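Notes follow the structure.
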Amino acid sequence: MNELLSVILTIITASTPLLLAAIGELVVERSGVLNLGVEGMMAIGAVCGFGAALATGSPLIGVVAAIAAGAALSMLFGFMTLILVSNQVATGLALTLLGLGLAGLVGEGYVGQPGVKLGKIDLPVLTDIPFIGPIVFGEDILVYAALALMLAVAYVLFRTKMGLIIRAVGDSHQSAHALGYGVVPVRYACVVFGGGCAGLAGGYLSLAYTPQWIENMTAGRGWISLALVVFGSWLPWRVAIGAYLFGTVMILGFSLQAIGAGIPSQLLSSLPYIVTIVALVVISGNRALTRANTPACLGQPFVPDR
Amino acid sequence: MRLVLEKRAERSRRMTVLSPVIAIALTLITGAIVFTFMGLDPLEALYVYFLDPVKYFWTRNPDDFWSLEQLAVKAAPLALIGAGLSVSYLANVWNIGAEGQLTAGAVAGGAIPVFFPEWQSPLTLVAMLLMGAAGGMAWSAIPAFLKNRFNASEILTSLMLVYVVQLILDWLVRGPWRDPAGHNFPQTVPFTGWQTLPVFGDSTIHLGVLFAVVAAIALAFLMGSTLKGFEIRVLGTAPRAGRFAGFSREGAVWFCFLLSGGLAGLAGIGEVMNTVGQLQPSISPGYGFTAIIVAFLGRLNPVGALVAAVVLAISYLGGEAAQVTLGVSDKIARVFQGILLFYILACDTLILYRVKLLSRATVELRA
């Protein structure tokens, strides 16, 4: 029972960064922009969050720094793709290369340093309930924040005028522009929101998941988050289910390794990547499912005529 | 003030050539600023970083010639991969997993000395190179197949496969392929004799450099003077027109992936047959990713990629020089490479648009 509990708890912490980054990217893509720089923004968020928490001793300041760092990097992406209308795929790749490079350089002095860990919530009585208590009432605050964010994004996108505008901009920027909506400002706001989410996801890795800085600690999670958006066919709740499924796959790999089932550890470590490919194949092969929700203007440049 | 883009009547040829030059200049200026903030003399730092690797051109000192050889050796894999990626990106086929195809090539070709350590003949060399290219092609065939059959994003699948093959290599060199006489180090038997690339004279310049030049010229010919090249250009810039002309999109995806994957595989086996000398967990300082920058800096032109590869090779060597001479981390190389790509993409806006800064009054007047 105790082993099961700890496995479930680690699954939740492993899934949270995926959920955070994927929900952010979902909003970006719903507005019609494809930002492939999630991995780079996560890395920058991780190193800045770690550094800020180390300098101040406060994990919450680390969280804020992680969000700010991811958002700052995404502003660069927004300027390039929305104002200068550069190729979104190439610029996203550039953002990943720059983000990983910068994070490696900035983080060099942090290697091997013990980090500041974001504590878990401890409610009297509730957290002490056996089994259920630690899972439902004993997580760190960002686990709840991620779920709240998912619900908020789902509500805003599908139940408010703001969400309607975002989806209109993503589905037909010409029509949205003709109706008088500012396509570029809306997209810019969404890009920065996505950047903040990616930064937060990175900060979660270096503050809560493994409170330390290791180069390349994002280990492709940014790319997996991008795949999750496709896997969830651009719907927040499906993305959340996907994130938890992927977190489960990652942790099952580790658990099997611990049991020592005689399977090479590298094979288990490669599971999340293989599962990502399989998931993409299954979802993308189903054209009816993807066509219904794919933002029609995804990745297309827009230059407002004057 | 407001920044406004005005579409040009046609692509500016002048800007196509000027854009990478401006981008390199801006990167140097940014570099000077970064070095100043690090408390270094910016001019000295820039000299060490960007000019030391090519100083033979004005010193004519034989000792300095060595760094030019180094440059050629570093540039070769970048040029090979960059040339293939250029063709791919022109067709709008986004293979970003070249690093994985490089690794797959190294594994496939490296299998020969692992299983036949005694086999020494010119055929060994040929077999290893062929296996290397085949390994890269096989690995790149996966995203191509998944794209054509299931419409799965080739960007994500090719990238995921990088992690997978790197883990396979890691498992091989720590497990079944480990050199029994290697004191438990995670590496295979060292490659010797015909299992390594021949070098020219007594230099360190190896056969791979020749491959890079040949590949660049051959692909430039393919793109400029053959129907296949025309087909790829049309499918990349005007997919609808390409469909009406009867060009096969699926065919182009296969062609681009197998071509760029094969070249990446060749670059990978070249690295382990010379610079590295055996299989080990890490065989490339990210050549497959840096080659993406090479492709864009080279204007998605195979010969351009050859020139761009030299520029990026300087950034690698400069990073090493800066670490030794200035005490700066060589990780700064990746930062400069990333900044360079940003500047290139920003400057490329000038090819299609005129950028104008309008004052608020002018904007209102026009409205």
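Since every read-out is calculated from the coordinates, none of them should be taken as a lab result. What you see is a predicted model; the values in this text were computed from it and never measured. Cβ atoms come from the backbone with ideal geometry, glycine included; neighbour counts cover every protein chain shown.
Quick notes
- Of the trypsin sites (Lys or Arg not before Pro) found in segment B:174-279, none is in coil by DSSP with at most 16 other Cβ atoms within 10 Å of its Cβ.
- Ignoring lysines fewer than eight residues from B:Lys7 along the same chain, the ones with Cα atoms less than 23 angstrom from its Cα are B:Lys356.
- Averaged over the residues of peptide B:164-170, the number of Cβ atoms from other protein chains lying within 10 Å of each residue's Cβ is 5.
- Restricted to Cα atoms, segment B:70-146 shows a radius of gyration and a Dmax of 14.3, 45 angstrom.
- With R₀ fixed at 60 Å, the C-beta to C-beta distance from B:Arg11 to A:Ile132 puts the FRET efficiency at about 0.40.
- Of the chymotrypsin sites (Phe, Trp or Tyr not before Pro) in segment B:1-66, those whose Cβ has at most 10 other Cβ within 10 Å and which sit in DSSP loop: none
- Charged-residue dipole, Cβ positions (Lys, Arg, Asp, Glu), chain A about Cα centre, Debye nearest 20: 800
- Taking a straight Cα-Cα cut-off under 21 Å and skipping sequence neighbours fewer than 8 places away in the same chain, no lysines fall within cross-link reach of A:Lys161.
- Over segment B:146-294, relative contact order from alpha-carbon pairs under 8 Å, at least 6 apart, %: 27
- Relative contact order (%) - criterion: Cα under 8 Å, at least six apart; region: segment B:170-245: 11
- Residue-wise HN-Hα coupling along segment B:281-296, computed from phi with Karplus coefficients 6.51, -1.76, 1.60 (Hz; x: Gly, Pro): x, 10, 10, 8, x, x, 4, x, 7, 4, 4, 4, 5, 4, 4, 6
- Most positive-pole-ward Cα, B:Gln120, B:Met273, B:Ala313, against dipole of chain B from beta carbon charges: B:Ala313
- Bridging of B:Lys331 to lysines at a Cα separation below 17 Å is possible for B:Lys74, once same-chain residues fewer than 8 apart are set aside.
- Only the Cβ atoms of Lys and Arg (+1) and of Asp and Glu (-1) were treated as charged; on that basis the dipole of segment B:113-185 about its Cα centre amounts to roughly 220 debye.
- Under 5 Å, built H, 5+ apart or other chain: amide partners of B:Gln187: B:Asp179
- Placing +1 on each Lys and Arg Cβ and -1 on each Asp and Glu Cβ, with no other charges, gives the protein assembly as shown a dipole about its Cα centre of roughly 2540 debye.
- A:Val106, B:Val173 arranged by Cβ crowding within 10 Å, fewest neighbours leading: A:Val106, B:Val173
- Helix axis angle, B:302-325 relative to chain B longest principal axis, alpha carbon, degrees: 70
- Radius 12 Å from Cβ of A:Ile283, net charge of other residues (Lys, Arg +1; Asp, Glu -1): +3
- Which of A:Trp237, B:Trp171 has the fewest Cβ neighbours within 10 Å, and the rest in rising order: A:Trp237, B:Trp171
- Prolate/oblate/rounded label for the protein assembly as shown (Cα gyration tensor, a/c 1.5): rounded
- Distance between segment B:141-177 and segment B:20-36 - C-alpha centres, whole angstrom: 36
- Average beta-carbon neighbours from other chains, 10 Å sphere, peptide A:275-283: 5
- Shielding value for B:292-299 is 2, the average number of Cβ atoms from other chains within 10 Å of each residue's Cβ.
- Residue order, fewest to most surrounding Cβ atoms within 10 angstrom, among B:Ser203, B:Ser315: B:Ser203, B:Ser315
- Cα gyration tensor shape for chain A, rounded if a/c is under 1.5, else prolate or oblate: prolate
- Descending by average beta-carbon neighbour count within 10 Å, the peptides A:120-128, A:58-66, B:134-142, A:275-283 line up as B:134-142, A:58-66, A:275-283, A:120-128, the highest first.
- Cα gyration tensor category, rounded, prolate or oblate, for segment A:128-175 with a/c compared to 1.5: prolate
- Under the span-like rule (Cα at least 30 Å along the axis, Kyte-Doolittle mean at least 1.6), DSSP H helices of chain A: none
- Virtual paramagnetic centre 7 Å along Cα→Cβ of A:Gln300, amide N under 20 Å, in segment B:234-251: B:235-244
- Length-normalised contact order of chain A in % [C-alpha pairs under 8 Å, at least 6 apart]: 36
- Of A:Gly101, A:Ala55, A:Leu179, farthest towards positive along the dipole that unit charges on Lys, Arg, Asp, Glu beta carbons give segment A:55-204: A:Leu179
- For B:Tyr353, the residues whose modelled amide H falls within less than 5 Å of its own, excluding neighbours fewer than 5 places apart on the same chain, are B:Arg8.
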